[in-house]
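Asks: The following block contains the structure, expressed as structure tokens.
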């Protein structure tokens, strides 16, 4: 019953707040997101990459540097005051709770053990990734995921090792979720949310809670505190393998909140584009500029 | 008369040999480790159909279907240690066949489904040259599960159900082998081995004529040893196929696919 309520709540949330990405794919094949009005002071100083007059110097060159350009991606942030509170809360949680626990855990557990725990966590995420690949019509990805699951179960000691990722077999993990699946179908972010404990997200990407909980087998372990303890172990284990990454991100930023938001939106946009490129339904649209395809057709 | 019959039956149970409950831990594999020379892991999944007879009276044929997952660590092409998590069923012929006409039972075969067990082993290898070498191994298994089966019995007009329980199965294997490396990286090997297998057995009812008793007793293998032979064949992408036959008083055979990290 609880699970059904969660599902209904998430879908209602998505239906209410996730407008389809307005002009999701423009003529040049680029994704346009809602503009942020309050953030990114640093980006405001930079010339608009779509304004060609700002790059007059490039007129002398006969190559097109557009493929190398970074897309300017922003997200609306109407909940910024609340999000900032949640950001500070998460920041304190990281430095006061998670990092000390991860440091102690790192001292106790050797790296091979921690990597094995990470592998097992990833292994158990197979149902969610497989479903996402199917929904994205990435059947190659679904097959690769299944191959990985079988190989790692049989020859990876139940998922503790990852022989499928080795250079001999080289089956790539399909790192995707239901939020990206919605993105592949053109559902926009909506707006930026910082969930306490869970971190940056959006109404669309909050669908990933289904991956992380409802489609994650250990979630159904009873009693409840056993599954909660496993989740906590995963958080600490994951943090122990990435100590310093968060610190360098926030340490180099003038406004860590904005830096985090930009990094998150940029990362998710790239992920969605990568997924679209693998989708049977959408890969034609992301294959390249229309004029290139037309030229290829003429040849 | 009844008392005398009971006493005779009891003596028969005590002195009679009991059906064996010995365990086979799986295949032995080639004497040389598959792991990288610098040291590394190799894993395998395998299946072994194991059959054996035992010298106890009356003789029984014991059959196991064994599946296992193995992780091994080896180095220098000279030594390896390994562990297995396995599951095996058990079938035993004539476990419930009474030799007395007064006791009738329906069905004589003991059968129980898969139980988990563990195996640990180690092997050492000495290469004579690039192609030949010899090695020794030791492998031990312990099965903490209980195999149980029941049989309906009609004795002197009374009908009841008797349970047979076999538990604490363990075995130790010691062997030596010669290995030849053939073209294509195929490793052929053969050698002798000795083994010891034990288990506890207990019957819930005293059934006259049935070679099982209410007393706790141990079961043991008939043959002290046997021979094994096999081949380890490279497949693609780091996988290898190992096929092996073992002979004690009956023939067993299995196959495993291993992956070298």
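The values are calculated or read from the model by the stated rules, or taken from the named source; none is laboratory data. These figures come from a predicted structure and were not determined experimentally. Don't worry about glycine lacking a Cβ; one is built from the backbone with ideal geometry, like all the others, and counts go over all protein chains shown.
Asks: Give the residues of the range A:96-110 that are free of Cβ contacts under 8 Å to residues at least 60 places away in the same chain and either on the phi > 0 side of the Ramachandran plot or assigned to a helix (DSSP H, G or I) (or both), sorted by residue number.
Replies: A:96, A:97, A:100, A:104, A:107, A:108
Asks: Considering each of A:159, A:179, A:199, A:147 in turn, give the residue that is within 14 Å of chain B (Cβ to nearest Cβ), within 30 Å of residue A:97 (Cα to Cα) and in contact (Cβ under 8 Å) with a residue 12 or more places away in the chain.
Replies: A:159
Asks: Give the range A:127-154 a look and list any residue that's outside any helix (DSSP H, G or I) and out of contact with any helix residue (DSSP H, G or I) (no Cβ under 8 Å at 6 or more places or on another chain), or say none.
Replies: A:137
Asks: Related question: Being out of contact with any strand residue (DSSP E or B) (no Cβ under 8 Å at 6 or more places or on another chain) and surrounded by 13 or more Cβ atoms within 10 Å (Cβ to Cβ) is the filter here, so list the residues in the range A:85-96 that pass it.
Replies: Of everything in the range A:85-96, those that are out of contact with any strand residue (DSSP E or B) (no Cβ under 8 Å at 6 or more places or on another chain) and surrounded by 13 or more Cβ atoms within 10 Å (Cβ to Cβ) turn out to be A:85, A:88, A:89, A:91, A:93, A:94, A:95.
Asks: Mind listing just one residue for me: the one in the range A:162-172 that is assigned to a loop (DSSP other than H, G, I, E, B) and within 14 Å of chain B (Cβ to nearest Cβ) and, of those, nearest to the chain's Cα centre (by Cα)?
Replies: Filtering first and then ranking leaves A:171.
Asks: Give just the number: which of (1) surrounded by fewer than 16 Cβ atoms within 10 Å (Cβ to Cβ); (2) at the interface with chain B (Cβ under 9 Å from one of its Cβ atoms); (3) more than 26 Å from residue A:273 (Cβ to Cβ) does residue A:154 not satisfy?
Replies: (1)
Asks: Can you tell me which residue within the range B:224-247, out of those that are surrounded by fewer than 16 Cβ atoms within 10 Å (Cβ to Cβ) and assigned to a loop (DSSP other than H, G, I, E, B), is modelled with the highest pLDDT?
Replies: Filtering first and then ranking leaves B:235.
Asks: Pick out the one residue from B:178, B:154 that is out of contact with any helix residue (DSSP H, G or I) (no Cβ under 7 Å at 6 or more places or on another chain) and either part of a loop (DSSP other than H, G, I, E, B) or at pLDDT 80 or above (or both).
Replies: That would be B:178, the only listed residue that is out of contact with any helix residue (DSSP H, G or I) (no Cβ under 7 Å at 6 or more places or on another chain) and either part of a loop (DSSP other than H, G, I, E, B) or at pLDDT 80 or above (or both).
Asks: Across the range A:173-198, what is the total count of residues that are on the phi < 0 side of the Ramachandran plot and either out of contact with any helix residue (DSSP H, G or I) (no Cβ under 6 Å at 6 or more places or on another chain) or in a helix (DSSP H, G or I) (or both)?
Replies: 17
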